[in-house]
Amino acid sequence: MSDCIFCKIVAGEIPASKVYEDDEVFAFHDIRPVAPVHFLLIPKRHVESLAHCGPDDEALLGRMLTLAPQLAREQGLAEGFKTGINTGRGGGQEVFHLHIHVFGHKH
(Lines give C-alpha, C1' and ligand atoms only; values in the text may rest on other atoms or scores of the structure.)
Protein backbone atom coordinates (compact mmCIF):
# COMPACT_ATOMS: atom_id res chain seq x y z
CA MET A 1 0.00 0.00 0.00
CA SER A 2 1.68 3.19 -1.21
CA ASP A 3 0.74 5.49 1.69
CA CYS A 4 1.36 3.02 4.52
CA ILE A 5 4.32 4.03 6.69
CA PHE A 6 5.01 0.42 7.71
CA CYS A 7 5.02 -0.73 4.07
CA LYS A 8 7.53 2.05 3.38
CA ILE A 9 9.70 0.81 6.26
CA VAL A 10 9.59 -2.75 4.87
CA ALA A 11 10.53 -1.40 1.42
CA GLY A 12 13.50 0.49 2.89
CA GLU A 13 12.03 3.90 1.95
CA ILE A 14 11.90 5.00 5.60
CA PRO A 15 14.72 4.08 8.01
CA ALA A 16 13.98 1.96 11.06
CA SER A 17 16.04 0.44 13.83
CA LYS A 18 15.69 -3.19 12.75
CA VAL A 19 15.39 -5.95 15.33
CA TYR A 20 14.68 -8.83 12.94
CA GLU A 21 13.75 -9.64 9.35
CA ASP A 22 12.85 -12.73 7.37
CA ASP A 23 10.77 -13.41 4.25
CA GLU A 24 7.43 -12.84 6.03
CA VAL A 25 7.97 -10.49 8.96
CA PHE A 26 9.92 -7.44 10.00
CA ALA A 27 10.57 -6.18 13.53
CA PHE A 28 11.85 -2.76 14.53
CA HIS A 29 12.09 -0.49 17.57
CA ASP A 30 9.09 1.76 18.20
CA ILE A 31 9.85 5.46 17.68
CA ARG A 32 7.57 6.33 20.64
CA PRO A 33 8.49 3.65 23.19
CA VAL A 34 6.36 3.17 26.29
CA ALA A 35 9.03 1.03 27.99
CA PRO A 36 12.84 0.72 27.87
CA VAL A 37 12.43 -2.10 25.33
CA HIS A 38 9.60 -1.61 22.84
CA PHE A 39 9.55 -3.04 19.35
CA LEU A 40 6.93 -3.79 16.72
CA LEU A 41 6.54 -7.02 14.82
CA ILE A 42 4.76 -6.64 11.47
CA PRO A 43 3.98 -8.78 8.46
CA LYS A 44 5.81 -7.65 5.34
CA ARG A 45 2.60 -8.10 3.39
CA HIS A 46 0.11 -5.31 4.03
CA VAL A 47 -2.67 -6.47 6.33
CA GLU A 48 -4.78 -3.59 7.65
CA SER A 49 -5.53 -5.04 11.09
CA LEU A 50 -6.20 -8.20 13.04
CA ALA A 51 -9.88 -7.79 12.11
CA HIS A 52 -8.87 -8.24 8.45
CA CYS A 53 -7.27 -11.64 9.07
CA GLY A 54 -8.90 -14.92 8.20
CA PRO A 55 -8.08 -18.62 7.91
CA ASP A 56 -5.46 -17.93 5.23
CA ASP A 57 -3.52 -15.85 7.76
CA GLU A 58 -3.19 -18.54 10.44
CA ALA A 59 0.39 -19.46 9.53
CA LEU A 60 1.49 -15.82 9.46
CA LEU A 61 -0.16 -15.02 12.79
CA GLY A 62 1.34 -18.15 14.34
CA ARG A 63 4.76 -17.19 13.01
CA MET A 64 4.48 -13.71 14.49
CA LEU A 65 3.28 -14.93 17.89
CA THR A 66 5.97 -17.58 18.20
CA LEU A 67 8.66 -15.15 17.08
CA ALA A 68 7.65 -12.53 19.68
CA PRO A 69 9.08 -14.36 22.74
CA GLN A 70 12.28 -15.26 20.89
CA LEU A 71 12.89 -11.64 19.93
CA ALA A 72 11.86 -10.45 23.40
CA ARG A 73 14.52 -12.69 24.96
CA GLU A 74 17.12 -11.43 22.47
CA GLN A 75 16.22 -7.85 23.41
CA GLY A 76 16.78 -8.55 27.12
CA LEU A 77 13.24 -9.39 28.22
CA ALA A 78 13.96 -12.93 29.41
CA GLU A 79 11.97 -12.45 32.62
CA GLY A 80 8.81 -11.35 30.86
CA PHE A 81 7.22 -8.87 28.52
CA LYS A 82 3.88 -7.50 27.38
CA THR A 83 2.31 -7.74 23.96
CA GLY A 84 -0.45 -5.68 22.44
CA ILE A 85 -2.37 -5.60 19.19
CA ASN A 86 -4.51 -2.50 18.74
CA THR A 87 -7.29 -3.23 16.27
CA GLY A 88 -9.27 -0.51 14.51
CA ARG A 89 -9.78 3.11 15.49
CA GLY A 90 -11.89 2.08 18.48
CA GLY A 91 -9.08 -0.21 19.64
CA GLY A 92 -6.47 2.54 19.51
CA GLN A 93 -4.83 1.53 16.23
CA GLU A 94 -2.94 4.48 14.74
CA VAL A 95 -1.11 2.84 11.85
CA PHE A 96 -3.41 0.65 9.80
CA HIS A 97 -0.96 -2.17 9.14
CA LEU A 98 -1.15 -5.12 11.52
CA HIS A 99 1.51 -4.90 14.21
CA ILE A 100 2.27 -6.53 17.53
CA HIS A 101 3.78 -4.32 20.22
CA VAL A 102 6.33 -6.18 22.37
CA PHE A 103 7.56 -4.21 25.35
CA GLY A 104 9.00 -4.43 28.84
CA HIS A 105 11.84 -3.69 31.21
CA LYS A 106 15.21 -5.43 31.31
CA HIS A 107 15.95 -7.02 34.68
Q) Are there any pairs with C-beta distances below 8 angstrom linking a residue in segment 55-71 that is over 24 Å from V37 (Cα atoms) and modelled with pLDDT under 95 to a residue that is part of a helix (DSSP H, G or I) and not β-branched (V, I, T), with the two at least 6 apart or on different chains, and if so which? A) none
(Q) Please verify whether V37 is of a type outside the set (G, A, S), surrounded by 18 or more Cβ atoms within 10 Å (Cβ to Cβ) and farther than 14 Å from V102 by Cα, treating the condition exactly as stated. (A) no
Q.
Just to be sure before I move on: is A51 aliphatic (A, V, I, L, M) and either closer than 22 Å to R89 by Cα or touching a Lys or Arg at 6+ places or on another chain (Cβ under 6 Å) (or both) in the structure I sent?
A. yes
Q) Restricting to segment 7-34, what's the tally of residues that are surrounded by 13 or more Cβ atoms within 10 Å (Cβ to Cβ), closer than 17 Å to G84 by Cα and not small (G, A, S)? A) 5
**Q.** Per-region count, segment 6-18, residues outside any helix (DSSP H, G or I) and either out of contact with any strand residue (DSSP E or B) (no Cβ under 7 Å at 6 or more places or on another chain) or within 18 Å of L61 (Cα to Cα) (or both)
**A.** 5
Q: Considering only segment 21-54, state which residues are part of a loop (DSSP other than H, G, I, E, B), in contact with a strand residue (DSSP E or B) (Cβ under 6 Å, 6 or more places away or on another chain) and not aliphatic (A, V, I, L, M).
A: D30, K44
Q | Residues of segment 1-50 that turn out to be at pLDDT below 95 and touching a Pro at 6+ places or on another chain (Cβ under 8 Å), as a count | A | 0
Q: Any chance you could count how many residues in segment 1-33 are out of contact with any His (no Cβ under 8 Å at 6 or more places or on another chain) and either in contact (Cβ under 8 Å) with a residue 12 or more places away in the chain or hydrophobic (A, V, I, L, M, F, W, C) (or both)?
A: 13
Q) Does D3 fit the bill of being out of contact with any helix residue (DSSP H, G or I) (no Cβ under 7 Å at 6 or more places or on another chain) and in a helix (DSSP H, G or I)? A) no
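Table: residues versus (1) among the charged types (D, E, K, R); (2) farther than 16 Å from L98 by Cβ.
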{"site": "I31", "(1), (2)": "no, yes"}
{"site": "L41", "(1), (2)": "no, no"}
{"site": "G54", "(1), (2)": "no, no"}
{"site": "G62", "(1), (2)": "no, no"}
{"site": "E74", "(1), (2)": "yes, yes"}
**Q.** Every residue from segment 55-107 that is in a strand (DSSP E or B) and β-branched (V, I, T)
**A.** T83, I100, V102
(Q) Quick check on segment 72-84. Is at least one of its residues in contact (Cβ under 8 Å) with a residue 60 or more places away in the chain and surrounded by fewer than 17 Cβ atoms within 10 Å (Cβ to Cβ)? (A) no
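The values are calculated or read from the model by the stated rules, or taken from the named source; none is laboratory data. Bear in mind that the values here come from a model prediction, so they are computed numbers and not experimental data. Cβ atoms come from the backbone with ideal geometry, glycine included; neighbour counts cover every protein chain shown.
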